[in-house]
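Engineer: Once you've had a glance at the structure underneath, I'll fire off some questions.
The values are calculated or read from the model by the stated rules, or taken from the named source; none is laboratory data. Bear in mind that the values here come from a model prediction, so they are computed numbers and not experimental data. In this analysis, Cβ positions are derived from the backbone assuming ideal geometry, glycine residues included, and neighbour counts consider all displayed protein chains. Note: accessible area is taken over every heavy atom of the protein model, side chains too, but ligands, DNA and RNA are not part of it. Shrake-Rupley method; radii C 1.70, N 1.55, O 1.52, S 1.80 Å.
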Amino acid sequence: MSMLNVNDLHVSYGGIRALRGVTLEVMQGEIVTIIGANGAGKSTLLNAISGFLRPGQGEMHFKGEKIEMKPSRIVKAGICHVPEGRLIFANLTVEDNLKLGAYLRTDRKKIAQDLERVYGLFPRLRERMKQLSGTLSGGEQQMLAMGRALMTDGDLVLLDEPSLGLAPLLVKTVFDIILEFRDLGKTILLVEQNAYKALHIADRAYVLEQGKIVKSGAAKAIAEDPAVKEAYLGAKSTTAG
Amino acid sequence: MNLFLQQLVNGLSIGSIYALMAVGYSLVYSIMNFSNFAHGSVIMLGAYFGYYAMTLLGLPFLGGAVAAALGSAGVAIILERLAYKPLRDRRAPFLYFIITAMGASMFIDNSVIATIGPTPKMYPNVFGQGPISIGHIDIGRVDLAMFIISAVALVALILFIDHTKLGKAIQATAYNMKASALMGISPSFVIILVFGIGGGLAGIAGILYGMKYQVFPQIGAITLKSFIAAVFGGLGSLPGALLGALLLGILETFVSGYLSSQYRDLIAFTLLIAMLVIRPSGIMGKNAEDKA
């Protein structure tokens, strides 16, 4: 079943044509990654899907329904977005942050269960639940942002550079968690500069360059593509990966 | 010692009214990063709502207070929808908000002068005559009511902000509007909420202040003091607004009591200027950007 359909999406802001006709599809249960250089339009794409940027042209459908251009409605529909830079509420406690993830939900029992599940997934957050989240380390803040996203109970999780600025060990943890998200039944659209790791866990991949999709296919095939190797995986085209 | 305690009591009473008004500035500032200079007009209208509810409708004081709170909350929300929302939709610079607020304030004040007229009106005396004496200290009945009602309203506000889901949503939106929208919190809803709460408290402040003095179209000028209190405590910070307001109230009554009431406003404004020079973020504020 198709979860997300983006069709010929154009987005401009501040006089820059950031997206120039992006078409992509995410199927239920998939991990799809979008790789591309800085400024290729990856974050713009996620911000357009979650309603923060108005497309000049093109359509987006989520579970077959047209996406309404209002962030709170989009969250309600079941898309949750873990933004670049995490954007946790540093002035609130860890637990308050997580509970705000469930802001639109009313199923108290299920919320309590999900909170337990998040604490199970991130024991560090349980230890620090009463602490102001601004006092957490970068890695802990990323886990909080991901835990908060789980609390929204959305079916599609948009992840924007989740490994950015993290130590290698934590990068591995973050990618392990993404796999756990999939096991929990989430569909994932992952934007990453760490193309190697992203292609390793993804089912399919799109390569975004200057606002256009230039390549797409199975993540394995993309990872073997010589041009992708040279541009994103740090390998010279003459030497093997 | 008696003078000291007497002035302290007076200071807490006037400070609590400043606090009721100052939190309205701070709540709006914390979400929208501009000072709603039409707040004084909302307070003034609250004083009129309360007055007419008690005189024309013959409601008791509590009924008048509820009418003032609801009326002012309604006016504040309408003001937001009519005056500020169009600016938000166009992503106008914050200066436009301030100019619009001043314009709205003049419009409301002059509408009242044109319709109701400039003559001051007296509230009926509902609290009885003569001060209440405790030891050697006299407390005016209206002053006591001001302090108790303000304290109850402010404690309720703090409990609401710190312990309810909506209160947390306000704090989250104040911290980062985009992140709160990602949780499904509608910024428009939070903005309506803070204007409603700020307006409701302004209405209560209006009825109390009108009872202490009189009701007239320029009564909202008092908010200049509460604005000083909000800046002094740290704009955008609720505890800061409370602290600033109480300190300002006490300082004013001490200046009046020990020096002369002529120096009262001089000292208040000196304090504002000194604070802006030395510590622009106020006692508890965090960002020291424009305090307009």
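Engineer: Can you name the condition, by its number, that residue B:70 falls short on among (1) open to solvent by 80 Å² or more (accessible area, probe 1.4 Å); (2) at pLDDT 95 or above; (3) more than 18 Å from residue B:149 (Cα to Cα)?
Structural biologist: Failing condition for residue B:70: (3).
Engineer: Moving on to the next point. I need the full set of residues from region B:1-35 which are open to solvent by 10 Å² or more (accessible area, probe 1.4 Å), in contact (Cβ under 8 Å) with a residue 24 or more places away in the chain and in a loop (DSSP other than H, G, I, E, B), in order please.
Structural biologist: B:33
Engineer: Moving on. How about region A:1-35: which of its residues are open to solvent by 50 Å² or more (accessible area, probe 1.4 Å), among the small types (Gly, Ala, Ser) and not in a strand (DSSP E or B)? Give the derivation first.
Structural biologist: Residues of region A:1-35 that are open to solvent by 50 Å² or more (accessible area, probe 1.4 Å), as a first pass: A:1, A:5, A:7-8, A:12-17, A:20, A:23, A:25, A:27-28.
Narrowing further to those that are among the small types (Gly, Ala, Ser): A:12, A:14-15.
Those that are open to solvent by 50 Å² or more (accessible area, probe 1.4 Å), among the small types (Gly, Ala, Ser) and not in a strand (DSSP E or B): A:14, A:15.
Engineer: Could you list, ordered by first residue, the pairs with Cβ atoms under 6 Å in which the first is in region B:97-110 and closer than 17 Å to residue B:223 by Cβ and the second is open to solvent by 40 Å² or more (accessible area, probe 1.4 Å), at least 6 apart or interchain?
Structural biologist: B:101/B:37; B:102/B:37; B:105/B:37
Engineer: Quick one: what pairs do we get from region A:32-44, first residue over 16 Å from residue A:83 (Cβ atoms), second hydroxyl-bearing (Ser, Thr, Tyr) and not in a strand (DSSP E or B), C-beta under 9 Å, 6+ apart or different chains?
Structural biologist: A:35/A:232; A:36/A:232; A:37/A:232
Engineer: Further question on the same structure: I'd like the full set of residues that are within 14 Å of chain B (Cβ to nearest Cβ), in a loop (DSSP other than H, G, I, E, B) and either small (Gly, Ala, Ser) or under 11 Å from the mean Cα position of the chain (by Cα) (or both), limited to region A:36-52.
Structural biologist: Hits for region A:36-52 are A:50, A:51.
Engineer: Hey, another quick one. Condition (residue is hydrophobic (A, V, I, L, M, F, W, C), within 17 Å of the chain's Cα centre (by Cα) and facing another protein chain (nearest Cβ under 10 Å)) applied to region A:134-144: is it met by at least one residue?
Structural biologist: Looking for residues that are hydrophobic (A, V, I, L, M, F, W, C), within 17 Å of the chain's Cα centre (by Cα) and facing another protein chain (nearest Cβ under 10 Å), one finds none in region A:134-144, hence no.
Residues are listed down the side, and each one gets a yes or a no for (1) in contact (Cβ under 8 Å) with a residue 40 or more places away in the chain; (2) among the acidic types (Asp, Glu); (3) in contact with a helix residue (DSSP H, G or I) (Cβ under 9 Å, 6 or more places away or on another chain):
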| site | (1), (2), (3) |
| --- | --- |
| A:148 | yes, no, yes |
| A:152 | yes, no, yes |
| A:160 | yes, yes, yes |
| A:167 | no, no, yes |
| A:195 | yes, no, yes |
| A:207 | yes, no, yes |
| A:226 | no, no, no |
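Engineer: Among the helices (runs of 4 or more DSSP H) confined wholly to region B:120-195, which include 2 or more residues that are basic (Lys, Arg)?
Structural biologist: Those helices (runs of 4 or more DSSP H) span B:165-175.
Engineer: Under 30 Å from residue A:111 (Cβ atoms) and not β-branched (Val, Ile, Thr), is that true of residue A:142? Write out each step before concluding.
Structural biologist: Numbers: under 30 Å from residue A:111 (Cβ atoms): yes; not β-branched (Val, Ile, Thr): yes.
So residue A:142 fits the description; yes.
Engineer: Here's something else I'd like to know. Give B:50, B:63 a once-over and let me know the one that is crowded, with 24+ Cβ neighbours inside 10 Å and more than 20 Å from residue B:190 (Cα to Cα).
Structural biologist: B:50
Engineer: Still on this model: Within region A:151-162, can you find the residues that are under 23 Å from residue A:109 (Cα atoms) and within 12 Å of chain B (Cβ to nearest Cβ)?
Structural biologist: Listed by number, the residues that qualify are A:151, A:152, A:153, A:154, A:157.
Engineer: So which of B:281, B:256 ends up being surrounded by fewer than 24 Cβ atoms within 10 Å (Cβ to Cβ) and in a loop (DSSP other than H, G, I, E, B)?
Structural biologist: Values: B:256 fails: in a loop (DSSP other than H, G, I, E, B).
When all the criteria are applied, what remains is B:281.
Engineer: Then there's this: Picking from A:95, A:65, A:84, which residue would you name as being acidic (Asp, Glu), touching a residue at least 12 places away in the same chain (Cβ under 8 Å) and within 22 Å of residue A:192 (Cα to Cα)?
Structural biologist: A:84
Engineer: Kindly provide the set of residues from region A:88-122 that are in a loop (DSSP other than H, G, I, E, B), more than 10 Å from every other protein chain (Cβ to nearest Cβ) and either buried (at least 16 other Cβ atoms within 10 Å of the Cβ) or under 21 Å from the mean Cα position of the chain (by Cα) (or both), ordered by number.
Structural biologist: The answer is A:122, and nothing else.
Engineer: Inside region A:68-87, can you point out the residues that are within 20 Å of residue A:28 (Cβ to Cβ), open to solvent by 20 Å² or more (accessible area, probe 1.4 Å) and either more than 7 Å from every other protein chain (Cβ to nearest Cβ) or at pLDDT 95 or above (or both)?
Structural biologist: A:77
Engineer: Just checking, which of B:210, B:240 is more than 29 Å from residue A:97 (Cα to Cα) and crowded, with 24+ Cβ neighbours inside 10 Å?
Structural biologist: Answer to the selection: B:210.
Engineer: Let me ask something else. Return the residue satisfying two criteria in turn: it lies in region B:125-183 and is small (Gly, Ala, Ser) and either closer than 30 Å to residue A:71 by Cα or within 14 Å of chain A (Cβ to nearest Cβ) (or both), and of such residues it is surrounded by the most Cβ atoms within 10 Å (Cβ to Cβ).
Structural biologist: Only one residue tops the list, namely B:180.
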